[in-house]
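The values are calculated or read from the model by the stated rules, or taken from the named source; none is laboratory data. Since the model is a prediction, treat every value here as computed from it, not as a measurement. Note that each Cβ is placed from the backbone with ideal geometry, even for glycine, and that neighbours are counted across all protein chains shown. To get the accessible areas, we keep the full protein, side chains included, count just its heavy atoms, and leave off ligands, DNA and RNA. Shrake-Rupley method; radii C 1.70, N 1.55, O 1.52, S 1.80 Å.
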Amino acid sequence: MDTKKSDKFLSTLEAAQKGDADAQFALGLMYEDGKGTEQNYVAAYKYYKLAADQGNINAQYKLGIMYYDGKGIEQNYIKSIEYFQLAANQNDSDAQFNLGVMYGDGKGTEQNYVAAYKYYKLAADQGNIDAQVNLGLLYAYGNGVEQNYEKAAEYYATAAAKGDAIAQYNLGLLYENGDGVEKNYAKAFECYAAAAKQGDAIAQYNLGDLYYFGKGTEQNYTKSFEYFQLAAQQGNSDAQFSLGLMYEDGKGTEQNYTEAYKYYKLAAEQGNIDAQVNLGNLYCFGKGVEQNYTKSFEYYQLAAQQEDATAQRYLGNLYYFGKGVEQNYTKSFEYYKLAAQQGDSEALYTLGYIYDVGEVIAQDYAEAHKYFKQAARLGNISALLSLGILYEYGQGVEQNYEKAAEYYSAAAAQGHANAQCNLGVLYENGEGVDQSCEKAFEYYSAAAEQGHAAAQCNLGRLYENGDGVEQNYEKAAEYYAAAAEQGYANAQCNLGILYENGDGVEQNYEKAAEYYSAAAEQGHANAQCNLGVLYETGDGVDQSCEKAVEYYLAAAEQGDAVAQCNLGILYENGDGVEQNYEKAAEYYLAAATQGHAVAQSNLGNLYCYGRGVEKNYNKSFKYHQLAAQQNYGESQYQLGLMYCKGLGVKLSKINAYKYYLQASTQKHVNAENELGCMYAEGKGIKHNFKIARDYFYSAARKGHSGALNKLGLMFLSGNGVRQNYMKAVYYFCLAAKRGETEAWYNLGIMYADGQGVKKNKRFARQLIKRSAVYKKTGDT
């Protein structure tokens, strides 16, 4: 600033003092700028006033500025308007523009957009760029004129062509949104680039945004980062936030949570809501800063106070779990509801979930349905899934598989793995949709590709059973293994079964035991039962009936019928536990009640012999009949015996024959032998040695000693076969080796008579004596 009076100043001063208006204006300018003299706003005002009073247009404009800014004179918007008006009346475009601004802002006068429009138009018509920009704004927002984006675009374009950065930015905005012009990201990019080049921070930010999303230009995170950085350096909070986001996600730069924190903080300090929320997230998860729920709470609260729904929901979470603040379900609910009222779908879903689960509030499926439905309308995928579940199980709504399928389909179409899996189940079972294992396979596959364990397991089952796809045990094992690695108990158990049976994998009892154990530890009843079987048989593990009892018991307590039956058998036989018929009966009954045929049959036997229960042939008959109805051969045979002997039922050889016949179709060896006897003796049915022979042959091939003995008798007598003493001896020998006492006797007779063998009375006596000893021992 010059402090010494210049010659120019002195000559101008001399002219001004003589009343020259132009010299008075020039002198005021020198005092205002401090050029040729010491800066002095009061003196500047004085000379501007002298010139203005003589009608100097420039001085009138300058006085308007001085009154507006309060320089050299007390700030006075009314006076400012007076002087701008004087200059404007003389067609000064800057004064007309400033009048437009003051009418638009309501400074020194009542806000009046119509008047603002009038003065902007006067200035714009003279080529005033700022006025052209502001006219564009009035048209864009419909202030003082009818909203007209086309007109806005026209004025912006005029100013932008003259290089005005604000106009270039605004025109870019119209192209980006398709307002007043056809949407054109390339044009928007061009306009933003022109403004950004002039250092316009908002344009730099928007240009970064276009690079980020690849709109109007090829996606380029590095370029996006560069422009966000330029805008951020000028303090643009949106750009600072976006930089934080790029550092957090590692896009356009190396991931750096510390830098993310830095930029979020800069933006948050300017009141940027999104930055405040993300700062809360960094503190919540300890990224770039030490985990601090209290700090997280503070930042969420800042954003929530500005009615940000996401922040309100996050505050709800902190209150719900008592993180950074004392746990308070009431407060939690308040914040969830605040967010929900703003249409936050996650908050609506969370409220639905809380009512659905009923852990911290009374379970209310109807309320859950209400919130899930609202969230679903806003496109919340999890809510679509939850609605499907409510309709599938009839919770809070009438059960409706069609509705369930509809909601699952909507979520599945958006790639929700749980929904895809659940929809697959509906297709597999034909519930709410036409049954189709092929469709089930399709949906299970989609979910399995996303690593969904249940879907992988279900897909394995389809491959194992050949439902909807060609049977393939190898594929089944592959999918079971994928789910098993995720700790899915059903898959671990199923994979164990494949290893136990050698289906799709090499048989390996150790592997089977390993997978059963993994599932059993999670309380999987079937796996516990199967592991019990391995311990009972000693396959893949050290044989231990005690361990078997332990695992059967764990499964039995969960209601597993097989385990209950197996436990009953161990108690009946005293294996791994002290023999206890009462306990055996208790476990058989538990399994029998669930329709387990073996347990029903075994319970029938206990009632027949009065073991652990009072002997009761009627009850014995009842339980065997239940098992026989399930085609259980042993009970069909026992019913045959009971009809044959009249135990618990009226004696009936015909009914005995009927049940023996049913059992024989399942290759029940004792039933085949009894049928052979009935045909041989003609009891209850027509005498037929040939049919008797066939039944004896069938039973004999299975090693039945009685049938072998009967065949010997048939060859001895020639009934149903050609008489053959040697064959008779052969079958008697086979029967005798299997402990058939009558066969010893029959062999003795053969040796005594020398039929089929060399006569040997001494040996014959030994054989007959042996049969008597066995008979006596057996009777005991």
Practice task
Give the residues of the range 523-537 that are part of a helix (DSSP H, G or I) and either touching a residue at least 60 places away in the same chain (Cβ under 8 Å) or not polar (S, T, N, Q) (or both), sorted by residue number.
Solution key: Ala525, Ala527, Cys529, Leu531, Gly532, Val533, Leu534, Tyr535, Glu536
Practice task
Please verify whether the range 193-214 includes one or more residues that are of a type in the set (Val, Ile, Thr) and either in contact with a strand residue (DSSP E or B) (Cβ under 6 Å, 6 or more places away or on another chain) or surrounded by 21 or more Cβ atoms within 10 Å (Cβ to Cβ) (or both).
Solution key: yes
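Here are some residues: Gln60, Gln39, Gln75. Which one is open to solvent by less than 20 Å² (accessible area, probe 1.4 Å), free of Cβ contacts under 8 Å to residues at least 60 places away in the same chain and either assigned to a helix (DSSP H, G or I) or out of contact with any helix residue (DSSP H, G or I) (no Cβ under 6 Å at 6 or more places or on another chain) (or both)?
Numbers: Gln39 fails: open to solvent by less than 20 Å² (accessible area, probe 1.4 Å); Gln75 fails: open to solvent by less than 20 Å² (accessible area, probe 1.4 Å).
Going through Gln60, Gln39, Gln75 in turn, just one is open to solvent by less than 20 Å² (accessible area, probe 1.4 Å), free of Cβ contacts under 8 Å to residues at least 60 places away in the same chain and either assigned to a helix (DSSP H, G or I) or out of contact with any helix residue (DSSP H, G or I) (no Cβ under 6 Å at 6 or more places or on another chain) (or both): Gln60.
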Handout entry: Index of the failed condition, Ala447 passing every other in (1) assigned to a helix (DSSP H, G or I); (2) open to solvent by 30 Å² or more (accessible area, probe 1.4 Å); (3) aliphatic (A, V, I, L, M)
Key = (2)
Exercise for the section: Determine the pairs where a residue that is open to solvent by 90 Å² or more (accessible area, probe 1.4 Å), located within the range 501-515, has a partner that is assigned to a loop (DSSP other than H, G, I, E, B) with Cβ atoms under 7 Å apart, the partner being 6 or more residues away or on another chain. Expected result: Glu510/Gly540
Handout entry: Where Gln507 falls short, out of the listed (1) outside any helix (DSSP H, G or I); (2) in contact with a Lys or Arg (Cβ under 9 Å, 6 or more places away or on another chain); (3) closer than 30 Å to Leu553 by Cβ
Key = (2)
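Of the residues that sit in the range 21-36 and are under 20 Å from Asn56 (Cα atoms) and open to solvent by 70 Å² or more (accessible area, probe 1.4 Å), which one is nearest to the chain's Cα centre (by Cα)? Give the steps one after another, and end with the answer.
Step one: of the range 21-36, the residues under 20 Å from Asn56 (Cα atoms) are 21-33.
Now narrow it down to the ones that are open to solvent by 70 Å² or more (accessible area, probe 1.4 Å): 22, 33.
Values: Asp22: 80, Asp33: 70 Å.
Residue satisfying both the conditions and the ranking: Asp33.
When the residues of the range 315-333 are filtered to those that are within 26 Å of Gln395 (Cβ to Cβ) and touching a residue at least 12 places away in the same chain (Cβ under 8 Å), which remaining residue is surrounded by the fewest Cβ atoms within 10 Å (Cβ to Cβ)?
Step one: filter the range 315-333 for residues within 26 Å of Gln395 (Cβ to Cβ), giving 316-317, 320-321, 329-330, 332-333.
Subset that is touching a residue at least 12 places away in the same chain (Cβ under 8 Å): 316-317, 320, 329, 332-333.
Values: Gly316: 29, Asn317: 18, Tyr320: 19, Tyr329: 15, Ser332: 22, Phe333: 19.
It comes out as Tyr329.
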Practice task
Using the structure shown, decide if Glu438 is open to solvent by less than 40 Å² (accessible area, probe 1.4 Å) and of a type in the set (D, E, K, R).
Solution key: no
Exercise for the section: Any chance you could count how many residues in the range 350-369 are within 12 Å of Ser382 (Cα to Cα) and open to solvent by less than 50 Å² (accessible area, probe 1.4 Å)? Expected result: 2
Completion exercise
Leu86 fails exactly one of (1) of a type outside the set (Ser, Thr, Tyr); (2) modelled with pLDDT of 95 or more; (3) open to solvent by less than 70 Å² (accessible area, probe 1.4 Å), namely (3)
Exercise for the section: State which residue pairs qualify: first residue free of Cβ contacts under 8 Å to residues at least 40 places away in the same chain and assigned to a helix (DSSP H, G or I) and inside the range 150-163, second residue open to solvent by 90 Å² or more (accessible area, probe 1.4 Å) and of a type in the set (Ser, Thr, Tyr) in any location, beta carbons under 9 Å apart, and separation of 6 or more residues or different chains. Expected result: Ala152/Tyr141
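Would you call Tyr479 more than 28 Å from Ala383 (Cα to Cα), outside any loop (DSSP other than H, G, I, E, B) and open to solvent by 20 Å² or more (accessible area, probe 1.4 Å)?
Working: more than 28 Å from Ala383 (Cα to Cα): yes; outside any loop (DSSP other than H, G, I, E, B): yes; open to solvent by 20 Å² or more (accessible area, probe 1.4 Å): yes.
Spelling it out, Tyr479 is indeed more than 28 Å from Ala383 (Cα to Cα), outside any loop (DSSP other than H, G, I, E, B) and open to solvent by 20 Å² or more (accessible area, probe 1.4 Å).
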Practice task
Look at the range 738-776 and say how many of its residues are farther than 26 Å from Phe689 by Cβ and either polar (S, T, N, Q) or assigned to a helix (DSSP H, G or I) (or both).
Solution key: 16
Handout entry: Selected residue (only one of Ala339, Ala376 is crowded, with 20+ Cβ neighbours inside 10 Å, closer than 30 Å to Gln276 by Cα and touching a Leu at 6+ places or on another chain (Cβ under 7 Å))
Key = Ala376
Handout entry: Positions within the range 69-116 being of a type outside the set (A, V, I, L, M) and under 17 Å from Gly28 (Cβ atoms), in sequence order
Key = Asp69, Gly70, Lys71, Gly72, Lys79, Ser80, Tyr83, Phe84, Asp92, Asp94
Practice task
Could you tell me whether Tyr293 is of a type in the set (Phe, Trp, Tyr), within 19 Å of Tyr264 (Cα to Cα), at pLDDT 95 or above and in contact with a Lys or Arg (Cβ under 8 Å, 6 or more places away or on another chain)?
Solution key: yes
Practice task
Only residues in the range 462-487 that are in contact (Cβ under 8 Å) with a residue 60 or more places away in the chain count as the first member; pair them with residues that are in a loop (DSSP other than H, G, I, E, B), Cβ under 8 angstrom, at least 6 apart or cross-chain, and list the lot.
Solution key: none
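Does the range 163-174 contain at least one residue that is farther than 30 Å from Gln240 by Cα, at pLDDT 95 or above, surrounded by 21 or more Cβ atoms within 10 Å (Cβ to Cβ) and over 47 Å from the mean Cα position of the chain (by Cα)? Working first, answer last.
Going through the range 163-174, the residues farther than 30 Å from Gln240 by Cα turn out to be none.
No, because not a single residue in the range 163-174 is farther than 30 Å from Gln240 by Cα, at pLDDT 95 or above, surrounded by 21 or more Cβ atoms within 10 Å (Cβ to Cβ) and over 47 Å from the mean Cα position of the chain (by Cα).
Can you name every one of the helices (runs of 4 or more DSSP H) wholly within the range 667-737 that holds 2 or more residues which are open to solvent by 20 Å² or more (accessible area, probe 1.4 Å), out of contact with any Lys or Arg (no Cβ under 8 Å at 6 or more places or on another chain) and among the hydroxyl-bearing types (Ser, Thr, Tyr)?
Values: elements: 669-681, 689-701, 705-717, 725-737.
Helices (runs of 4 or more DSSP H) meeting the threshold: 689-701, 725-737.
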Problem - Filtered residue count, the range 281-329, keeping only those that are within 22 Å of Ala260 (Cβ to Cβ), within 25 Å of the chain's Cα centre (by Cα) and assigned to a helix (DSSP H, G or I) - result: 11
Problem - Pick from the range 215-234, criterion open to solvent by less than 40 Å² (accessible area, probe 1.4 Å) and among the aromatic types (Phe, Trp, Tyr), ranking: nearest to Asp164 (Cα to Cα) - result: Phe228
Completion exercise
Here the qualifying pairs (Cβ atoms under 6 Å; residues six or more apart or on different chains; first in the range 567-587 and within 21 Å of Asn616 (Cα to Cα) and modelled with pLDDT of 95 or more; second surrounded by fewer than 17 Cβ atoms within 10 Å (Cβ to Cβ) and among the polar types (S, T, N, Q)) come out as Tyr571/Asn580
Fill in the blank from the handout: All-but-one check, Gln147 against (1) open to solvent by 20 Å² or more (accessible area, probe 1.4 Å); (2) over 25 Å from Glu226 (Cβ atoms); (3) in contact (Cβ under 8 Å) with a residue 24 or more places away in the chain, failing number (3)
Problem - Checking Ile361 against (1) of a type in the set (A, V, I, L, M); (2) in a helix (DSSP H, G or I); (3) under 28 Å from Ala404 (Cβ atoms), the condition it does not meet - result: (2)
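What are the residues in the range 265-282 that are under 11 Å from Leu243 (Cβ atoms) and open to solvent by less than 30 Å² (accessible area, probe 1.4 Å), if any?
Taking the range 265-282 and keeping what is under 11 Å from Leu243 (Cβ atoms), we get 266-267, 275.
Of everything in the range 265-282, those that are under 11 Å from Leu243 (Cβ atoms) and open to solvent by less than 30 Å² (accessible area, probe 1.4 Å) turn out to be Ala267, Ala275.
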Fill in the blank from the handout: Condition set touching a Cys at 6+ places or on another chain (Cβ under 7 Å) and not aromatic (Phe, Trp, Tyr), scope the range 531-558, selection least open to solvent (accessible area, probe 1.4 Å): answer is Ala555
